[in-house]
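The values are calculated or read from the model by the stated rules, or taken from the named source; none is laboratory data. Everything quoted here is computed from the prediction, not taken from an experiment. Here the Cβ positions follow ideal geometry from the backbone for every residue, glycine too, while neighbour counts run over all protein chains shown. Ligands, DNA and RNA are excluded from the accessible area calculation, which covers all protein heavy atoms including side chains. Shrake-Rupley method; radii C 1.70, N 1.55, O 1.52, S 1.80 Å.
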Amino acid sequence: MGTTAAEPATEPDVDRLRTAMVARLKEQGFLCSPEIEAAFLAVPRERFAPEADPVEAYRHNEVVVTRRGADGRATSSISAPWLQAEMLAHAALRPAERVLEVGSGGYNAALIAEIAGPQGTVTTVDIDPFVTERARRFLTETGYGDVHVVLADAADLPDALGPFDAIIVTVGVWDVAPAWIDRLVPGGRLVVPLRFGGITRSITFVKDDRGLLLGHHPTVCGFVAAQGGCAHSEQEVALAGGQVTLRNDDGPHLDAGLLERALRAPRTELWSGITAENGEPFDTLYLWLMTADPGAAGIIWQDLQCDVSLVDLALKWFNPALITSDGFAYLTVRRTEPDPATGAPGWEFGVHGHGPSGDELTHRFIDHIHHWNTERRRSREPSFTLYPAGMEVERPTVGRVYPKAASQLVMLWEP
Ligand SMILES: C[S@@+](CC[C@H](N)C(=O)[O-])C[C@H]1O[C@@H](n2cnc3c(N)ncnc32)[C@H](O)[C@@H]1O
């Protein structure tokens, strides 16, 4: 049973909404432990998001924005329940543990407090006094006054904080602050939405005895961007008045004028003959593109509020692309005939290219799709290891090193 927009928004029965949200999370496979399920049933989410209609606050895939910057972009929110459930599960929290949450709001800290129990300790840190003030107030009002709410830039944690058995970062960061690694005990878990290749993936790292972080479970997710010492700006170009945006984190300089002209010019269209079933995930295709074409791999997305006819993206948001200074090529899909055995329709991958380099990029992209299909599609997703910056790192046979400011992220595929 799920909640729908058709339900009355006035004086809804929040207990029923909470139970329905938990049922939906369970149905979709996001609740895999009784402790996490009990936490979601116990904490009144609507009390941490008074600006939202309770029906909206309890949608399992809905974010509640609680603060915006001068440019209108969200700077704080209560994250979507499915993502909170997944990050809590990956953090593998146990009773009596010491847990740090980076980025406050109150709700997620209360969930952590439920799981850590009375013997555990929960600290939540936020850079914004507006956020810490309300988080503290809401936590006290709902019976979680023991959660330690700290106003600080998480890049520079106060000395008194730590050590921690687990750290859950709930803001999108481009790098992992050395302080988080220092304050984590050996064997401790760090769940962090890390930005690389223009996309944020929540990765779960475990700290080994050498102080290295071994990562797994890369989940594509959206988070508000970090501020202060954790902030990082990426190369982004908005075209057609913001209808289409290109982002390339570590490629060549993007020329907005040339790319605008490229978007308006006739495009190259090529189909790969490679198909996917309805709903089949293909996230490793983008990870493969980042490995095989490191200088050009980026993403393209379109404005979801308007009817964009200039591009035909496979995914409207976070769509894989190859981008150069004067052209780009992106992943598209078209429906295939229904499978004779199941009757289910599928999708064929194709590529559209724009600009002087668009044709060459399109052929290159199609080659990458073929290579991914034969070599990587059915193999395990790559693993991730985080090394300190400056440490000598062996180049992976198949993989890629992302140099960051304080660390180096190594993505490694099985040879
Ligand atoms: C998505 S919200 C946190 C959501 C929250 N954990 C919840 O209960 O769902 C992200 C928060 O990170 C905070 N933030 C951004 N940069 C930060 C930094 N450098 N240090 C600490 N907090 C930061 C923002 O102010 C924002 O409140």
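Side notes on the structure shown:
- Count of residues meeting criterion [away from the ligand (no atom under 12 Å from the Cβ), open to solvent by less than 10 Å² (accessible area, probe 1.4 Å) and at pLDDT below 95] in the stretch 152-200: 4
- Subset of the stretch 308-346 (residues that are under 21 Å from residue 376 (Cα atoms) and either open to solvent by 50 Å² or more (accessible area, probe 1.4 Å) or in a loop (DSSP other than H, G, I, E, B) (or both)): 314, 315, 318
- Among the residues of the stretch 144-159, those identified as assigned to a loop (DSSP other than H, G, I, E, B) and in contact with a strand residue (DSSP E or B) (Cβ under 9 Å, 6 or more places away or on another chain) are 144, 146, 147, 152, 153, 157, 158.
- Within the stretch 37-49, residues that are outside the structural domain of residue 115 (by TED's automatic domain parsing) and without any contact (Cβ under 8 Å) to a residue 40 or more places away in the chain have Cβ atoms under 9 Å from residues that are open to solvent by 10 Å² or more (accessible area, probe 1.4 Å) and part of a helix (DSSP H, G or I) in these pairs: 37/26; 41/18; 41/19; 46/14; 46/18; 46/54, counting only partners at least 6 apart in sequence or on another chain.
- Boolean, residue 228 is surrounded by fewer than 16 Cβ atoms within 10 Å (Cβ to Cβ), farther than 26 Å from residue 310 by Cα, within 16 Å of the ligand (Cβ to nearest atom) and over 14 Å from the mean Cα position of the chain (by Cα): yes
- Looking only at the stretch 70-82, and only at residues there that are more than 13 Å from residue 171 (Cβ to Cβ), modelled with pLDDT of 95 or more and out of contact with any Cys (no Cβ under 9 Å at 6 or more places or on another chain), the one that is farthest from the ligand (Cβ to nearest atom): 82
- Listed conditions (1) at positive phi; (2) in contact (Cβ under 8 Å) with a residue 24 or more places away in the chain are all met by residue 117, apart from (2).
- Candidate set: the stretch 248-275, residues that are closer than 16 Å to residue 319 by Cβ, out of contact with any Ser or Thr (no Cβ under 9 Å at 6 or more places or on another chain) and open to solvent by less than 20 Å² (accessible area, probe 1.4 Å); chosen: the one nearest to the ligand (Cβ to nearest atom): 263
- For the stretch 278-307, residues that are open to solvent by 50 Å² or more (accessible area, probe 1.4 Å) and under 16 Å from the mean Cα position of the chain (by Cα) total 2.
- Unmet criterion (only one of (1) more than 20 Å from residue 246 (Cα to Cα); (2) of a type in the set (D, E, K, R); (3) open to solvent by 60 Å² or more (accessible area, probe 1.4 Å); (4) in the same structural domain as residue 272 (by TED's automatic domain parsing)) for residue 360: (1)
- Entry remark, the stretch 83-100: residues being away from the ligand (no atom under 12 Å from the Cβ) and open to solvent by 10 Å² or more (accessible area, probe 1.4 Å) number 10 in total.
- Applying the criterion of being touching a Leu at 6+ places or on another chain (Cβ under 6 Å) and not in a loop (DSSP other than H, G, I, E, B) to the residues of the stretch 18-53, the residue that is farthest from residue 144 (Cα to Cα) is 25.
- Qualifying residue in the stretch 101-115 (condition: open to solvent by 10 Å² or more (accessible area, probe 1.4 Å), over 26 Å from the mean Cα position of the chain (by Cα), modelled with pLDDT of 95 or more and more than 10 Å from the ligand (Cβ to nearest atom)): no
- Residue 20 vs. criteria away from the ligand (no atom under 16 Å from the Cβ), surrounded by fewer than 16 Cβ atoms within 10 Å (Cβ to Cβ) and of a type in the set (A, V, I, L, M, F, W, C): no
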